[in-house]
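Trainee: Handing you a structure now.
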Ligand SMILES: [Fe+2]
(Lines give C-alpha, C1' and ligand atoms only; values in the text may rest on other atoms or scores of the structure.)
Protein backbone atom coordinates (compact mmCIF):
# COMPACT_ATOMS: atom_id res chain seq x y z
CA UNK A 1 0.00 0.00 0.00
CA UNK A 2 1.37 3.36 -0.96
CA UNK A 3 -1.43 5.17 0.85
CA UNK A 4 -2.22 5.50 4.55
CA UNK A 5 -5.52 4.55 6.23
CA UNK A 6 -7.24 7.71 4.97
CA UNK A 7 -6.08 7.37 1.37
CA UNK A 8 -3.24 9.89 1.40
CA UNK A 9 0.15 9.04 -0.13
CA UNK A 10 2.50 7.80 2.60
CA UNK A 11 5.49 9.41 0.90
CA UNK A 12 3.80 12.83 1.16
CA UNK A 13 2.78 12.36 4.78
CA UNK A 14 6.24 12.45 6.35
CA UNK A 15 6.57 16.20 5.71
CA UNK A 16 3.11 16.88 7.17
CA UNK A 17 3.79 14.66 10.20
CA UNK A 18 7.12 16.37 10.85
CA UNK A 19 5.47 19.81 10.66
CA UNK A 20 2.69 18.70 13.00
CA UNK A 21 5.19 17.32 15.52
CA UNK A 22 7.07 20.62 15.46
CA UNK A 23 3.76 22.42 15.97
CA UNK A 24 2.88 20.06 18.82
CA UNK A 25 6.18 21.03 20.45
CA UNK A 26 5.48 24.75 20.09
CA UNK A 27 2.04 24.25 21.64
CA UNK A 28 3.53 22.48 24.65
CA UNK A 29 6.08 25.20 25.36
CA UNK A 30 3.42 27.89 24.85
CA UNK A 31 1.01 25.97 27.08
CA UNK A 32 3.44 25.90 29.99
CA UNK A 33 4.33 29.57 29.41
CA UNK A 34 0.64 30.48 29.72
CA UNK A 35 0.31 28.38 32.87
CA UNK A 36 3.23 30.39 34.24
CA UNK A 37 1.43 33.66 33.42
CA UNK A 38 -1.71 32.31 35.14
CA UNK A 39 0.23 31.43 38.28
CA UNK A 40 2.60 34.36 38.53
CA UNK A 41 0.68 37.40 37.31
CA UNK A 42 0.33 40.14 39.93
CA UNK A 43 -1.18 43.60 40.03
CA UNK A 44 -4.40 45.45 39.42
CA UNK A 45 -5.64 43.18 36.60
CA UNK A 46 -4.93 39.98 38.53
CA UNK A 47 -8.45 38.59 38.61
CA UNK A 48 -9.27 39.17 34.93
CA UNK A 49 -5.87 38.06 33.58
CA UNK A 50 -5.61 35.03 35.87
CA UNK A 51 -9.01 33.92 34.52
CA UNK A 52 -8.24 34.73 30.86
CA UNK A 53 -4.94 32.83 30.99
CA UNK A 54 -6.77 29.79 32.34
CA UNK A 55 -9.26 29.96 29.44
CA UNK A 56 -6.38 30.08 26.99
CA UNK A 57 -4.34 27.21 28.42
CA UNK A 58 -7.48 25.08 28.63
CA UNK A 59 -8.13 25.57 24.91
CA UNK A 60 -4.43 24.96 24.13
CA UNK A 61 -4.66 21.66 25.97
CA UNK A 62 -7.54 20.55 23.74
CA UNK A 63 -5.69 21.65 20.61
CA UNK A 64 -2.57 19.75 21.74
CA UNK A 65 -4.64 16.58 21.88
CA UNK A 66 -6.20 17.20 18.46
CA UNK A 67 -2.80 17.83 16.85
CA UNK A 68 -1.29 14.67 18.40
CA UNK A 69 -4.27 12.59 17.29
CA UNK A 70 -4.02 14.05 13.78
CA UNK A 71 -0.41 12.77 13.66
CA UNK A 72 -1.72 9.30 14.57
CA UNK A 73 -4.51 9.52 12.00
CA UNK A 74 -1.90 10.25 9.32
CA UNK A 75 0.14 7.20 10.41
CA UNK A 76 2.81 8.93 12.50
CA UNK A 77 3.80 8.94 16.17
CA UNK A 78 3.30 12.15 18.14
CA UNK A 79 6.28 13.43 20.14
CA UNK A 80 5.65 12.88 23.84
CA UNK A 81 8.80 13.88 25.75
CA UNK A 82 9.66 17.31 27.14
CA UNK A 83 13.18 17.02 25.72
CA UNK A 84 11.70 16.63 22.21
CA UNK A 85 9.30 19.53 22.74
CA UNK A 86 12.14 21.80 23.87
CA UNK A 87 14.18 20.82 20.82
CA UNK A 88 11.42 21.24 18.21
CA UNK A 89 9.43 24.21 19.53
CA UNK A 90 9.54 27.50 17.65
CA UNK A 91 8.44 29.23 20.89
CA UNK A 92 10.96 29.83 23.65
CA UNK A 93 10.37 29.30 27.35
CA UNK A 94 9.28 32.51 29.11
CA UNK A 95 10.10 32.30 32.80
CA UNK A 96 9.48 34.46 35.86
CA UNK A 97 7.07 36.95 34.31
CA UNK A 98 4.94 38.70 36.95
CA UNK A 99 3.86 41.96 35.36
CA UNK A 100 0.44 41.71 33.65
CA UNK A 101 1.44 43.62 30.52
CA UNK A 102 4.62 41.56 30.16
CA UNK A 103 2.54 38.39 30.46
CA UNK A 104 0.18 39.65 27.74
CA UNK A 105 3.10 40.66 25.51
CA UNK A 106 4.56 37.16 25.85
CA UNK A 107 1.17 35.71 25.12
CA UNK A 108 0.70 37.83 21.96
CA UNK A 109 4.14 36.96 20.65
CA UNK A 110 3.47 33.26 21.30
CA UNK A 111 0.17 33.46 19.42
CA UNK A 112 1.87 35.26 16.52
CA UNK A 113 4.47 32.51 16.40
CA UNK A 114 1.78 29.80 16.34
CA UNK A 115 -0.14 31.61 13.61
CA UNK A 116 2.96 31.84 11.42
CA UNK A 117 3.90 28.21 12.02
CA UNK A 118 0.36 27.02 11.29
CA UNK A 119 0.23 28.92 8.00
CA UNK A 120 3.28 26.89 6.96
CA UNK A 121 1.71 23.63 8.18
CA UNK A 122 -1.41 24.47 6.18
CA UNK A 123 0.64 25.12 3.01
CA UNK A 124 2.57 21.84 3.36
CA UNK A 125 -0.66 19.92 4.05
CA UNK A 126 -2.40 21.40 1.01
CA UNK A 127 0.61 20.51 -1.11
CA UNK A 128 0.10 16.89 0.07
CA UNK A 129 -3.66 17.12 -0.63
CA UNK A 130 -4.28 16.73 3.09
CA UNK A 131 -7.23 19.09 3.43
CA UNK A 132 -8.14 17.73 6.86
CA UNK A 133 -4.89 18.92 8.43
CA UNK A 134 -5.07 22.25 6.59
CA UNK A 135 -8.62 22.84 7.83
CA UNK A 136 -7.68 21.91 11.41
CA UNK A 137 -4.85 24.42 11.66
CA UNK A 138 -6.66 27.08 9.61
CA UNK A 139 -9.39 27.09 12.26
CA UNK A 140 -6.80 27.58 15.01
CA UNK A 141 -5.26 30.45 13.02
CA UNK A 142 -8.63 32.18 12.77
CA UNK A 143 -9.28 31.88 16.53
CA UNK A 144 -5.78 33.03 17.43
CA UNK A 145 -5.86 36.01 15.05
CA UNK A 146 -8.89 37.28 16.98
CA UNK A 147 -7.08 36.74 20.29
CA UNK A 148 -4.10 38.77 19.02
CA UNK A 149 -6.45 41.66 18.28
CA UNK A 150 -8.11 41.42 21.72
CA UNK A 151 -4.88 41.17 23.70
CA UNK A 152 -3.32 43.98 21.67
CA UNK A 153 -6.42 46.07 22.49
CA UNK A 154 -5.74 45.34 26.17
CA UNK A 155 -2.15 46.53 25.71
CA UNK A 156 -3.53 49.72 24.12
FE1 LIG B 1 -5.45 27.86 38.52
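Trainee: Among the listed residues 36, 106, which satisfies the condition of being part of a helix (DSSP H, G or I), farther than 30 Å from residue 7 by Cα and within 15 Å of the chain's Cα centre (by Cα)?
Mentor: Numbers: 36 fails: within 15 Å of the chain's Cα centre (by Cα).
Step by step, each of 36, 106 is checked, and only 106 is part of a helix (DSSP H, G or I), farther than 30 Å from residue 7 by Cα and within 15 Å of the chain's Cα centre (by Cα).
Trainee: For residue 51, state whether it is touching a residue at least 12 places away in the same chain (Cβ under 8 Å), within 16 Å of the ligand (Cβ to nearest atom) and part of a helix (DSSP H, G or I).
Mentor: On the way: touching a residue at least 12 places away in the same chain (Cβ under 8 Å): no; within 16 Å of the ligand (Cβ to nearest atom): yes; part of a helix (DSSP H, G or I): yes.
Answer is no for this residue.
Matching residues to (1) without any contact (Cβ under 8 Å) to a residue 24 or more places away in the chain; (2) surrounded by 14 or more Cβ atoms within 10 Å (Cβ to Cβ); (3) under 15 Å from residue 13 (Cα atoms); (4) touching a helix residue (DSSP H, G or I) at 6+ places or on another chain (Cβ under 7 Å):
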| residue | (1), (2), (3), (4) |
| --- | --- |
| 113 | no, yes, no, yes |
| 124 | no, yes, yes, yes |
| 133 | no, yes, yes, yes |
| 142 | yes, no, no, no |
| 145 | no, no, no, yes |
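Trainee: One residue is enough: does segment 2-12 have a residue meeting the conditions in contact with a strand residue (DSSP E or B) (Cβ under 9 Å, 6 or more places away or on another chain) and in a helix (DSSP H, G or I)?
Mentor: First pass over segment 2-12, keeping only residues in contact with a strand residue (DSSP E or B) (Cβ under 9 Å, 6 or more places away or on another chain): 2-3, 9-10.
Adding the requirement that they be in a helix (DSSP H, G or I) leaves 10.
Yes, segment 2-12 has at least one match.
Trainee: Suppose we filter 72, 62 for residues that are over 11 Å from the mean Cα position of the chain (by Cα) and either in a helix (DSSP H, G or I) or under 22 Å from residue 142 (Cβ atoms) (or both); which single one remains? Working first, answer last.
Mentor: Values: 62 fails: over 11 Å from the mean Cα position of the chain (by Cα).
Sole residue among the options that is over 11 Å from the mean Cα position of the chain (by Cα) and either in a helix (DSSP H, G or I) or under 22 Å from residue 142 (Cβ atoms) (or both): 72.
Trainee: Ok, one more. Out of all the residues in segment 30-44, which are away from the ligand (no atom under 14 Å from the Cβ), at pLDDT 95 or above and either more than 19 Å from residue 95 (Cα to Cα) or surrounded by fewer than 21 Cβ atoms within 10 Å (Cβ to Cβ) (or both)? Steps first, answer last, please.
Mentor: The first filter runs over segment 30-44 and keeps only residues away from the ligand (no atom under 14 Å from the Cβ), leaving 30, 33, 42-44.
Filter once more, so that each one left must be at pLDDT 95 or above: 30, 33, 42-43.
42, 43 - these are the residues of segment 30-44 that are away from the ligand (no atom under 14 Å from the Cβ), at pLDDT 95 or above and either more than 19 Å from residue 95 (Cα to Cα) or surrounded by fewer than 21 Cβ atoms within 10 Å (Cβ to Cβ) (or both).
Trainee: Within segment 83-95, is there a residue that is within 14 Å of the ligand (Cβ to nearest atom), in a helix (DSSP H, G or I) and within 20 Å of residue 136 (Cβ to Cβ)?
Mentor: No, there is no match, as no residue in segment 83-95 is within 14 Å of the ligand (Cβ to nearest atom), in a helix (DSSP H, G or I) and within 20 Å of residue 136 (Cβ to Cβ).
The values are calculated or read from the model by the stated rules, or taken from the named source; none is laboratory data. Here the structure is a predicted model, which is why all the values come from computation and not from measurement. Cβ: placed from backbone, ideal geometry, glycine included. Neighbour counts: every protein chain shown.
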